[in-house]
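Report on one structure; see the data block that follows.
What follows is calculated from the coordinates using simple rules that are stated; it is not laboratory data. Model, not experiment: these values are computed from the prediction. Note: ideal-geometry Cβ built from the backbone for every residue, glycine included; neighbour counts use all protein chains shown.
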Amino acid sequence: MAVYNVEGIVQDKWKFVNNFENISSLRGSVIIPLEILVKSDKSFLCGLENVGVKLNVDSEPEELVEYINLLEIICIYFPIFKDGRGFSLARILRDKYSFKGDIRAIGDVLLDQASFLFRVGFSTINFPQNPSPQDFEDSIKRYHAVYQKTNDAHKTIQNLRLRDSRR
């Protein structure tokens, strides 16, 4: 599966590990489930080059507080594309916990959701359907006007109307 950021396809250096037994033998950049991270001794993290964590959309971000500065990437798993909790989770990680690393959307993520994912704080997306670079670019450029304010540079429709009314 291809990994995309706002500019297009990027190289993926991360390996997913789903059980604790496999972690001790790994080196490099590893993504582990939140359950393993919180139940283990932090010392095992020392042997890894980079550490990331996989969250489910129903995960509590408070569980990451003591680890947040150790993480390079947080992957948020969408079990179904209609589940919007992952959007909120990304926004909380950026705004409340000031996470500066990569936040990646994984699972059942649709191409049509790309621009919205980037707006709330995701920095990379792992699409299960491997869209073409042109389809991806078209998708993120589809919406020029937005209603809700986020931390991105988009001006809201209300701001644009106010600006235009002052001319």
Tensor-based shape of the stretch 86-167 (alpha-carbon gyration tensor, a/c under 1.5 rounded, otherwise prolate or oblate): oblate
Residue-count net charge about residue 95 - beta-carbon cut-off 15 Å; Lys, Arg +1, Asp, Glu -1: +4
Magnitude of the charge dipole, the stretch 3-165, Cβ model with Lys/Arg +1 and Asp/Glu -1, debye to 20: 520
Proximal aspartates and glutamates relative to residue 15, as straight alpha-carbon distance under 18 Å, when same-chain residues fewer than 8 apart are discounted: 35, 49, 72, 102
Estimated FRET transfer efficiency when R0 is 22 angstrom, pair residue 82-residue 158 (beta carbons, to 0.05): 0.20
Pairs of Cα atoms farther than 27 Å apart, the chain, %: 29
Approximate spin-label separation residue 141-residue 58, in nm, with each point projected 7 Å along Cα-to-Cβ: 4.1
Long-range HN-HN contacts of residue 108 with modeled amide H, under 5 Å: 78, 80
Built amide H within the under 5 Å cut-off of residue 75, gap 5+: 53, 54, 55, 104
Compactness relative to 2.2 N^0.38 Å, alpha carbon Rg of the stretch 38-131: 1.08
